[in-house]
Amino acid sequence: MRTSSGNAIGVNSGFDFLAALKEAGMAAGVALALSFTIIGMRTTGQQGGLGVEFRWNAVAIAVVLVFIGRFLLVLWRQRAKPLASADRDRMMDRVGAMVQHWSKYLGAALFAGAVAIPLIWSDNRYVVDVSTLVLTYIMLGWGLNIVVGLAGLLDLGYVAFYAVGAYSYALIALHFGWSFWICLPLAGILAASFGVLLGFPVLRLRGDYLAIVTLGFGEIIRIILLNWYSFTKGPDGLSGIPRPSFFGLEFTRSPDDGVTAFHEFFNIEYSSVHRVIFLYYIILALALLTNFFTLRIRKLPVGRAWEALREDEIACRSLGINPTNTKLTAFAIGAMFAGFAGSFFATRQGFISPESFNFGESAVILAIVVLGGMGSQVGVVLAAVVLIGGTELFRELALYRMLAFGILMVAIMVWRPRGLLAHREPTLLLGSATERTGGDR
Amino acid sequence: MTMLSVAGVHTFYGNIEALRGVDIEVGEGEIVTLIGANGAGKSTLLMTICGNPAAARGQIAFAGENITAMPTFEIVRRGIAQSPEGRRIFPRMSVLENLQMGATTAPPEHFGADLEQAFTLFPILKARKDQRAGTLSGGEQQMLAIARALMSRPRLLLLDEPSLGLAPLVVRQIFDTLKRINAEQGMTIFLVEQNAYHALKLAHRGYVMVNGRITLSGSGADLLAMPEVRAAYLEGGH
């Protein structure tokens, strides 16, 4: 007791070098233990087999760097007297509440920006492509947000429904030649029925158990796609998936007989960018549909029941809510939007294979939802822009891209464990709203 | 007319027999209370009536219909509302949203009138309607739990220890409101309480439960006067 208060006084009057040295020494010890094998040994190809090359100088550099870094960090912390975590949380909550308060305007600004992107960068295919990618993840994030954010069901196999949507569209279009606009709702319905199929036996499980089973389901779908060669062409994937048309107008330079091309109809020069921009607007419309649907359904009894179920399942039962059916609707609707996104993905790529639907995708989508702040629509947009746009931006860093991704995740988890925007606004207000709701604790 | 009848009900938690053959009747328009010490099985009885856990033996009938083996949400939809142990309000949702959740099984056209009635019974909830329910005081949360239960337009209201952890003044306020709900709306109330004095004062009839069995029953006033009830539940301050 005495010693700790003595330390505190020491901190106030200056630097506690001894403590900093001690901590830096411990960190250096950990670094040594870790880097001993990871950095210190390297396998090399030699004649007649593998050889090991030792790099003790690299280990020494790593350990010294960690020691100095930790030492300086501890000193800086003693000096800076950082905000108590409660203060920091309160500050960030105020920021969250402010963002939520301005979200009407922020939403309008984001919408205007999203509409303007292909007009401004109409000659820059790269920007439009990246934006399309980000929007796809925003849509997937919003879809998963229904399941994870609103209903509180941890789904680690969300990508399975994305795959179902993609393969539904690709197979129907390739075998029957139906247009994208007919297949889109079909893919959604198929994905939703897979959601029901999975949900029915599984939704009596909770928390970790549900997570494991959904994880397994995601893998099962991928492995079926990989091995059912006669149906899905397995690892070869499906290619030549038809592109969508604009009210019957094709985006091709020289269309088949009897088909009008987009540039012919509007009497403009053919450009391959037209289709890219068209695809961008499709995913923008689909994403906005998802967002609009979520915002609406939160105000309806079933949406409110999802949120109540996340908070207290027993209380929900005692209010006459059928928990299984309620969860099932959340699961099915979330799956439906993944199905839409999946068929968009198939039509945009023109080629799909099981490679695109591995667990990593599920993890990224889940990361977007969790880091954005569970249940926050604006948060999903921010997280998708940062995670997907950010990794695209750092593409030149090649190897270090994933490192940046990891550091970003750790930073958010340290400073904002409940997500960037974890502030919830009530869905129903009578008369004039009071300012009391701002008291988020 | 008998609103609720519990006949020879046994309930188990694993191997532990929490209820050992309980018989209870609640008539329409009555306030009936069940008193007993901690761990006597009072809350278990309320939860068994709601089907969670289901009774292992015996029969529970609501308005003449056998509800023993029904799932909870089906029982609730027949007209039983429960203010459960520990209130179980939704802390991150606003007061108004909590009340709306209570109205899940009620026809939507009654929502406005029912809300007005809830606010008349508990005016403090109107002042707090947009506040997150988790920020309410204990008494306000209890009022919210009762109001939420009433929003489903029940025929029978089950209350589990509404006085738990509340200041005497707040307890009196809540019990006065319960009396008013019973008198004005003719609401049938089955009340589980440890606060025997207030409960017996309020109730028309009462039961005493010891170790999963009903040991005494009678009118509220009779039970209050019985020496064994006084000795076990009342003497030593209330």
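The values are calculated or read from the model by the stated rules, or taken from the named source; none is laboratory data. Quick caveat, the model's predicted, so the values are computed rather than measured. All Cβ positions, even for glycine, are placed from backbone atoms using ideal geometry, and neighbour counts span all protein chains on display. To get the accessible areas, we keep the full protein, side chains included, count just its heavy atoms, and leave off ligands, DNA and RNA. Shrake-Rupley method; radii C 1.70, N 1.55, O 1.52, S 1.80 Å.
Within region B:74-85, being open to solvent by 20 Å² or more (accessible area, probe 1.4 Å) and out of contact with any Leu (no Cβ under 8 Å at 6 or more places or on another chain) holds for B:E74, B:R77, B:R78.
Within region A:32-84, if we keep just the residues that are among the aromatic types (F, W, Y) and either out of contact with any helix residue (DSSP H, G or I) (no Cβ under 9 Å at 6 or more places or on another chain) or farther than 15 Å from A:K22 by Cα (or both), the residue that is least open to solvent (accessible area, probe 1.4 Å) turns out to be A:F36. Selection of region A:212-258 for residues being closer than 30 Å to A:D155 by Cβ, of a type in the set (D, E) and open to solvent by 80 Å² or more (accessible area, probe 1.4 Å) yields only A:D236.
In the set A:G406, A:G375, A:G350, only one residue is on the phi > 0 side of the Ramachandran plot and either outside the structural domain of A:G149 (by TED's automatic domain parsing) or at pLDDT below 85 (or both); that residue is A:G375. Among the residues of region B:113-135, write down those that are facing chain A (nearest Cβ under 10 Å), open to solvent by 30 Å² or more (accessible area, probe 1.4 Å) and not in a loop (DSSP other than H, G, I, E, B). Passing the criteria: B:K126, B:A127, B:R132, B:G134, B:T135. If you go through region A:321-358 and keep only what is of a type in the set (A, V, I, L, M) and crowded, with 21+ Cβ neighbours inside 10 Å, you end up with A:I321, A:A330, A:A332, A:I333, A:A335, A:M336, A:A338, A:A341, A:A346, A:I352. Remark: pairs (first residue in region A:409-433, closer than 18 Å to B:G134 by Cβ; second residue among the hydrophobic types (A, V, I, L, M, F, W, C) and at pLDDT below 65; Cβ separation under 9 Å; 6+ apart in sequence or on different chains) = A:P426/A:A433. Note on region B:136-147: residues that are without any contact (Cβ under 8 Å) to a residue 40 or more places away in the chain and assigned to a helix (DSSP H, G or I) amount to 4. Going through (1) among the polar types (S, T, N, Q); (2) open to solvent by less than 20 Å² (accessible area, probe 1.4 Å); (3) closer than 26 Å to A:S193 by Cβ one by one, A:S318 falls short only on (3). Here the condition is being open to solvent by less than 10 Å² (accessible area, probe 1.4 Å) and among the hydroxyl-bearing types (S, T, Y); of A:Y158, A:Y137, A:Y126, it holds for A:Y158 alone.
Filtering region A:298-314 to residues that are facing chain B (nearest Cβ under 8 Å) and in contact with a helix residue (DSSP H, G or I) (Cβ under 7 Å, 6 or more places away or on another chain) leaves A:P301, A:R304, A:A305, A:E307, A:A308. Please tell me if A:I146 is without any contact (Cβ under 8 Å) to a residue 60 or more places away in the chain, touching a helix residue (DSSP H, G or I) at 6+ places or on another chain (Cβ under 8 Å) and open to solvent by less than 50 Å² (accessible area, probe 1.4 Å). No; evaluated as a whole, the condition is false for this residue. Filtering A:S193, A:S239 for residues that are touching a strand residue (DSSP E or B) at 6+ places or on another chain (Cβ under 7 Å) and within 16 Å of A:L171 (Cβ to Cβ) leaves a single hit, A:S239.
Among the residues of region A:290-315, just one is assigned to a loop (DSSP other than H, G, I, E, B) and either open to solvent by less than 30 Å² (accessible area, probe 1.4 Å) or β-branched (V, I, T) (or both), namely A:D312. Only one of the listed residues (A:E396, A:E361) is in contact (Cβ under 8 Å) with a residue 12 or more places away in the chain and open to solvent by 20 Å² or more (accessible area, probe 1.4 Å). That residue is A:E361.
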